[in-house]
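This report refers to the structure that appears directly beneath it.
The values are calculated or read from the model by the stated rules, or taken from the named source; none is laboratory data. Model, not experiment: these values are computed from the prediction. No Cβ is skipped: glycine too gets one built from the backbone with ideal geometry, and neighbour counts run over all protein chains shown.
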Amino acid sequence: MSLEDVRRLREALTDFTSEGIAERLGPSATDAVVRSDYREALRVTKDGDRLDTLIRLFICGTSEPEDAIERALHPLPLSSARACGLIQGNMAGLDLEPYHDWWLLADLPVKPLPKEHVLGVGGASTTLANSTIRRPVGAALDIGTGCGVQALHLSQHAEHVTVTDISARALSFAATNAALNGLEWKILQKDLFDLVPDERYDLVVSNPPFVVGPGLATHTYRDSGRAGDAVCASLAAVGSRLLNPGGTLQFLANWAHVRGEDWEDRVAGWFAGTGMDVWAIQREVQDPLDYVRLWTADASEEHDPQRVAQWLDWFDANDITAVGFGLVTARRCLADDPHVVCEDLRQQIDQPMGSLVAEWFDRRDWLRSPSRDLFAARFRQAPGLQLRQEATFGADGWAVDRQLLALTSGLRWVEEIDPLILSIVSGCDGNLPLSAVAELLAQAHDAAPDALREVMVPIVEHLVERGILLPCEP
């Protein structure tokens, strides 16, 4: 599509926005559309003005009269719309949807999906968008951009955006979506291994083709052509060379759970020698059969028993017992002792998660600060922190079996604690420095102050990292 045709299409879409569609359909029809029930939406758009026709074409997926399509797309000629594939026959040929304050073009989710299929907004892209740190940056890079979902978000807080993809078709969509939304991106056709640090970035994001498998490349959007989780390991290795000091890499990943190996050690090993702080969080785990069923169904391969068997046999041959899915965030900290944490985080989390990720790294930076004196600092409990008790009723009444501290917002951690930890947290009300809290605890427990301080250091650091205790000073 030429730039002039993109301009004409943008003019035609003036009212085809999330707000405009919701107002036209009303709450009931809008809710039904989310569930793929278009009956009411079709009833309220039967008058056939421009917005009605666009809704019926691109939301409901119906065939419309040629003259109605011509009026709806004016000033974009129908011949141009057909030439670029936007319209096929008298139906939508591409997926065109309002997305936040933008418009987004991608391939229609037809079955079976062709090899070069370009996804629109999906669960993975939404997860990454919600998890990305949204602080202002100078230069940002989106690796494996697809149709440009992440780049649209980056454009809100990055001065310069660069996008890459191995697929020329994907980059064509990305370029069109940038122009359609009045944005300018630097667009490069590159494979991950072709990324050389000619430029460095403050933020790098990626929703890569992370599917763990035998290394076949049947679908570009999900398959890297590299066996196992090698594409994610490669992304981790190249990340530090793409970042400015203090820059951040964030990407979605799948990793193999290999018999006799901790997944945490596997993911941490991706970053060995990179000098980056890392927080890798596992949000889901699937066994091989469920995993293969998920991805073969996604690409309409579930009825190919040979394909399914080949994939499962490969898992067996490589002692892979499960596959984990999660978010990896790494920061080029230039520290001699980078902090690498890989952990399960399958509880409910407040969204968007990006601000919570940023705060986790802020707390790690505070703990590492050379000017920080842990015992001179004052701490306060996180807002809404709860103490929960589990008890068993016996001959002598209720006996407490265990106590837990629970965050009721944000990352919603639940930590089992002992009486010492409870005493530390109870004493941190923001009024006394930690040294005074330690003195009071030493007196109460008849303990040596120096020995107690030594015990308290890792406890307090862990509680700060979790966000259960917060420094009163920035």
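For the range 56-78, name all the residues that are crowded, with 21+ Cβ neighbours inside 10 Å and either assigned to a helix (DSSP H, G or I) or in contact with a Phe, Trp or Tyr (Cβ under 7 Å, 6 or more places away or on another chain) (or both). Within the range 56-78, ARG56, LEU57, PHE58, ILE69, ALA72, LEU73 meet the criteria. Within the range 85-100, take every residue that is surrounded by fewer than 15 Cβ atoms within 10 Å (Cβ to Cβ) and free of Cβ contacts under 8 Å to residues at least 24 places away in the same chain and give me the one that is farthest from the chain's Cα centre (by Cα). Restricting to residues being surrounded by fewer than 15 Cβ atoms within 10 Å (Cβ to Cβ) and free of Cβ contacts under 8 Å to residues at least 24 places away in the same chain, the top hit is GLN88. Take residues that are surrounded by 14 or more Cβ atoms within 10 Å (Cβ to Cβ), touching a Ser or Thr at 6+ places or on another chain (Cβ under 8 Å) and assigned by TED's automatic domain parsing to the domain that holds VAL211 and tell me which of the helices (runs of 4 or more DSSP H) falling wholly in the range 111-199 contain 3 or more. Correct list: 149-154, 168-180.
Note on the range 429-447: residues that are aliphatic (A, V, I, L, M), assigned to a helix (DSSP H, G or I) and free of Cβ contacts under 8 Å to residues at least 12 places away in the same chain total 2. Across the range 265-300, the number of residues qualifying as assigned to a helix (DSSP H, G or I) and under 21 Å from PRO209 (Cα atoms) comes to 16. Selection within the range 2-55: residues that are under 31 Å from the mean Cα position of the chain (by Cα), assigned to a loop (DSSP other than H, G, I, E, B) and at negative phi. The member of this set that is surrounded by the most Cβ atoms within 10 Å (Cβ to Cβ) is PHE16. Just one of the listed residues (GLU465, GLU454, GLU461) is over 22 Å from VAL340 (Cα atoms), modelled with pLDDT of 95 or more and in a helix (DSSP H, G or I), and it is GLU454. Scanning the range 289-303 for residues that are surrounded by 13 or more Cβ atoms within 10 Å (Cβ to Cβ) and either charged (D, E, K, R) or more than 25 Å from GLY120 (Cβ to Cβ) (or both) returns ARG293, ASP298, GLU301, GLU302.
Listed conditions (1) exposed (fewer than 12 other Cβ atoms within 10 Å of the Cβ); (2) farther than 21 Å from ARG266 by Cβ; (3) at pLDDT 95 or above are all met by PHE361, apart from (1). Every listed requirement among (1) out of contact with any Asp or Glu (no Cβ under 6 Å at 6 or more places or on another chain); (2) surrounded by 20 or more Cβ atoms within 10 Å (Cβ to Cβ); (3) farther than 29 Å from TRP314 by Cα; (4) of a type outside the set (A, V, I, L, M, F, W, C) is met by ARG241 save one, (2). For the range 310-366, give me the residue count where each residue is farther than 20 Å from LEU463 by Cβ and of a type in the set (Phe, Trp, Tyr). Residues flagged as farther than 20 Å from LEU463 by Cβ and of a type in the set (Phe, Trp, Tyr) within the range 310-366 amount to 4. A single entry from ALA399, ALA391 fulfils the requirement of being surrounded by 12 or more Cβ atoms within 10 Å (Cβ to Cβ), touching a strand residue (DSSP E or B) at 6+ places or on another chain (Cβ under 8 Å) and free of Cβ contacts under 8 Å to residues at least 40 places away in the same chain: ALA391. Just so you know, in the range 200-232 the residues that are of a type in the set (A, V, I, L, M, F, W, C) and not in a loop (DSSP other than H, G, I, E, B) include one that is farthest from VAL118 (Cα to Cα), and it is LEU203.
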